[in-house]
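J.: Please see the structure below; I have some questions.
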Amino acid sequence: MTYVTRNQNNGERTSVEEIIRNFGKRPYGWPPLAVLWLISRLFRMGKVELRTTELLDAQSALTLFRNSRQHGNVRVRLQEQFDAIKVNALKSFHDKFFDRQNSGQDARSVGQATANAFAAEAAGPPTTCQPS
């Protein structure tokens, strides 16, 4: 976490490959799998975000972690912190607008649940064509 913070504050991009290389050399000497595990744990805890050209979800991050050739393309950034009041306001809006509870716990999951609800609302109910 400190390594990513330092690089981000210096304006440098941090890739998964760089983190593995940094923590694989002395004095750390960690195996690549251990470093990947730590990155994925930070990702699942909502401390960092992973992106290629777009923000990655858990399934696409797992796919890219399995392919070591893609490690240089996966960027690691600190998760942007959102105001708890605004997140609660979005949850309240979701509850009132869609008449169902938003089950999200953090800002990312609350926003994703709201976006999915809007997408379902935009799709509308399925229409059936009746022959004349």
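J.: Which peptide among 65-71, 34-40 comes first, and what is the full order, when sorted by highest mean count of other Cβ atoms within 10 Å?
T.: 34-40, 65-71
J.: Let me ask another. Read phi for every residue in region 107-124 and hand back ³J(HN,Hα) as whole Hz from Karplus 6.51 cos²θ - 1.76 cosθ + 1.60, θ = phi - 60°, with x for Gly and Pro.
T.: 4, 5, 6, 5, x, 5, 5, 5, 5, 5, 5, 5, 5, 5, 5, 5, 5, x
J.: Would you mind ranking Lys96, Lys47, Lys91 by Cβ crowding within 10 Å, fewest neighbours first?
T.: Going from sparsest to densest Cβ surroundings: Lys96, Lys47, Lys91.
J.: May I pose another question? Would you mind classifying region 1-64 by shape? Square roots of the alpha carbon gyration tensor eigenvalues, ordered a ≥ b ≥ c; an a/c under 1.5 is rounded, otherwise it is prolate if a/b is larger than b/c and oblate if not.
T.: It comes out oblate by the Cα gyration axes.
J.: Any idea what the dipole of region 84-123 comes to, in debye rounded to 20, about its Cα centre with Lys/Arg Cβ at +1 and Asp/Glu Cβ at -1?
T.: Roughly 120 debye for region 84-123.
J.: Using label points projected 7 Å from each Cα along Cα→Cβ, tell me how many nm separate Tyr3 and Gln112, to one decimal.
T.: In this crude spin-label approximation the distance works out to 2.5 nm.
J.: Amide H to amide H under 5 Å from Ser15: which residues, 5+ apart in sequence or cross-chain, H placed 1.01 Å off N in plane?
T.: Val76
J.: Return Ile20, Ile85 ranked ascending by Cβ neighbour count within 10 Å, so the fewest neighbours appear first.
T.: Ile85, Ile20
J.: So if we plug the beta-carbon distance of Asp83 and Thr53 into 1/(1 + (r/R0)^6) with R0 = 22 Å, what FRET efficiency do we get, rounded to 0.05?
T.: 0.20
J.: If you don't mind, there's one more thing I want to ask. Treat the count of other C-beta atoms within 10 Å as a stand-in for reagent exposure and order Asp106, Asp83 from fewest to most.
T.: In increasing order of surrounding Cβ atoms, one gets Asp83, Asp106.
J.: What distance in nm lies between label points placed 7 Å from Cα along the C-beta direction at Arg21 and Met45?
T.: Taking the two extended label points, one gets 2.6 nm.
J.: Let me ask another. Based on the Cβ-Cβ distance of Leu33 and Ala122, what FRET efficiency does E = 1/(1 + (r/R0)^6) give at R0 = 35 Å, to the nearest 0.05?
T.: 0.25
J.: What lysines does Lys86 reach when the alpha-carbon gap must be under 16 Å and sequence neighbours fewer than 8 apart in one chain are set aside?
T.: Lys96
J.: GNM on the chain, C-alpha springs below 10 Å: top fluctuator among Ala122, Ala107, Ala84?
T.: Most flexible of the set in this elastic network: Ala122.
J.: Within region 1-42, list the residues whose amide N lies under 17 Å from a label point set 7 Å along Cα→Cβ of Asn67.
T.: Zone members listed by number: 16-17.
J.: Let me ask something else about it. Which of rounded, prolate, oblate describes the chain, given a ≥ b ≥ c as roots of the alpha-carbon gyration tensor eigenvalues and a/c under 1.5 marking rounded, otherwise prolate only if a/b is larger than b/c?
T.: prolate
We did not get these values from a lab; they are worked out from the coordinates using the rules stated. As the structure is a computational prediction, the values presented were derived from the model and not from experiment. Ideal geometry is used to build each Cβ from the backbone, glycine not excepted, and the neighbour counts take in all protein chains shown.
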